[in-house]
Amino acid sequence: QVQLVESGGGFVRAGGSLRLSCEVSELEVSRNGFGWYRQAPGKQREWVATITDGGSKAYGDSVRGRFTISRDNAKNTVYLQMNNLKPEDTGVYYCRTWSTVVNYWGQGTQVTVSS
């Protein structure tokens, strides 16, 4: 059973940094693409960043230049380094991966940025 477990969220002031982790089981991070998404209260879930199995990275317009997605194959973990955080970055952050027929999501980790 594939499992994604996010951690690293918390409360931070604007301008601060957090690093989110997505620990993966039953699937190799080096062989699959992963994405980070977030959902603010009352809003739809929003794509944040993707890393492909080949290591290519892509970012949403609102986070490009501030957030960095990466992976550690030895730890089988995907990360999201978030710098220069803004209040509008507040939300629950989710890790996702996929096969041809199934989407896998973690339970999410809360990030709150105060002004």
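Side notes on the structure shown:
- Whole-number percent relative contact order across the chain, with pairs defined as alpha carbons under 8 Å at least 6 apart: 36 percent
- In the complete set of protein chains, residue-level accessible area for GLU88 is approximately 120 Å², probe 1.4 angstrom.
- Here the accessible area is traced with a 1.4 Å probe on the protein chains. For the chain, carbon and sulfur cover 45 percent of it.
- Most fluctuating residue given options VAL101, VAL29, VAL48, as computed from a GNM of the chain linking Cα atoms under 10 Å: VAL101
- Spatial separation of Cα centroids for region 14-44 and region 72-96, in angstrom: 5 Å
- Using a Förster distance of 22 Å, the FRET efficiency for SER114-ASP61 (Cβ separation, nearest 0.05): 0.40
- Once all protein chains are placed together, PHE11 keeps about 140 Å² accessible to a 1.4 angstrom probe.
- Calculated FRET value between ALA74 and PHE11, using beta carbons and R₀ = 25 Å, to 0.05: 0.25
- Residue-span extension gain [ASN84 to GLU26] - 0.36 nm each, minus C-alpha spacing: 17.5 nm
- Taking Lys and Arg as +1 and Asp and Glu as -1, the other residues whose beta-carbon sits under 12 Å from that of GLY16 total +3.
- Two-site label geometry, ASN103 and GLN1: point separation in nm, points 7 Å out along Cα→Cβ: 2.1 nm
- Longest exposed-site-free window of the chain, the sites being trypsin sites (Lys or Arg not before Pro) in a DSSP loop that have at most 15 other C-beta atoms within 10 Å: 1-42
- Rounded accessible area per residue of region 37-108, 1.4 Å, Å²: 54 Å²
The values are calculated or read from the model by the stated rules, or taken from the named source; none is laboratory data. Everything quoted here is computed from the prediction, not taken from an experiment. Because the Cβ atoms are built from the backbone with ideal geometry, glycine has one as well, and the counts that use them run over all protein chains shown. The area values use the complete protein model at the heavy-atom level, side chains included, leaving out ligands, DNA and RNA. Shrake-Rupley method; radii C 1.70, N 1.55, O 1.52, S 1.80 Å.
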